[in-house]
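The values are calculated or read from the model by the stated rules, or taken from the named source; none is laboratory data. Keep in mind that this is a model prediction, so the values were computed, not measured. Cβ: placed from backbone, ideal geometry, glycine included. Neighbour counts: every protein chain shown. Accessible surface areas use protein heavy atoms only, side chains included; no ligands, DNA or RNA. Shrake-Rupley method; radii C 1.70, N 1.55, O 1.52, S 1.80 Å.
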Amino acid sequence: MLNCVFVGIGGFIGSVLRYLAGLIPIEPSNGFPVKTLVINVLGSFALGLIAAAAAKNIALDPKLVLMLKVGVCGGFTTFSTFAYEAQGLMQNGHTWLALVYVLLSIVLGVAAIFLAQSVVH
């Protein structure tokens, strides 16, 4: 049960950070969801750092790692918004832009994990 409290605290922090990042006034004229892309790539990088640091340093409290990985990173990043925005681009006739968004989100997200892990190791 205590794990749920740690995840909840982390989720609160991550969700508030996600909300605040969403307030940054960046709105490309073509409708490309750059804020969500950046948020998800940064969240992937943070998750990679946390996971690599936890794997390297067994002295880290597992509850802190859980709070950061599942709570903060889970609350900060957003798959549902990513999916909704990709669907919106397609529905508005921007199929190629949607495809670029989906591919960039996946490729940059995975690359961010690798980059973060290489920073720690």
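Brief remarks on what is shown
- Search result, residues across the range 10-48 that are more than 16 Å from SER105 (Cβ to Cβ), open to solvent by 80 Å² or more (accessible area, probe 1.4 Å) and in a helix (DSSP H, G or I): PHE12, LEU17, TYR19, LEU20
- Pair list, Cβ < 8 Å and 6+ apart or interchain, from the range 91-107 residues that are farther than 17 Å from ILE39 by Cβ to residues that are modelled with pLDDT of 95 or more: THR95/LEU89; LEU97/LEU89; ALA98/ALA86; ALA98/GLN87; ALA98/LEU89; ALA98/MET90
- Against the list (1) open to solvent by less than 40 Å² (accessible area, probe 1.4 Å); (2) within 20 Å of GLN117 (Cα to Cα), the condition PHE82 fails is (2).
- Of all residues in the range 49-89 being more than 19 Å from LEU104 (Cα to Cα) and not in a helix (DSSP H, G or I), the one that is modelled with the lowest pLDDT: ILE58
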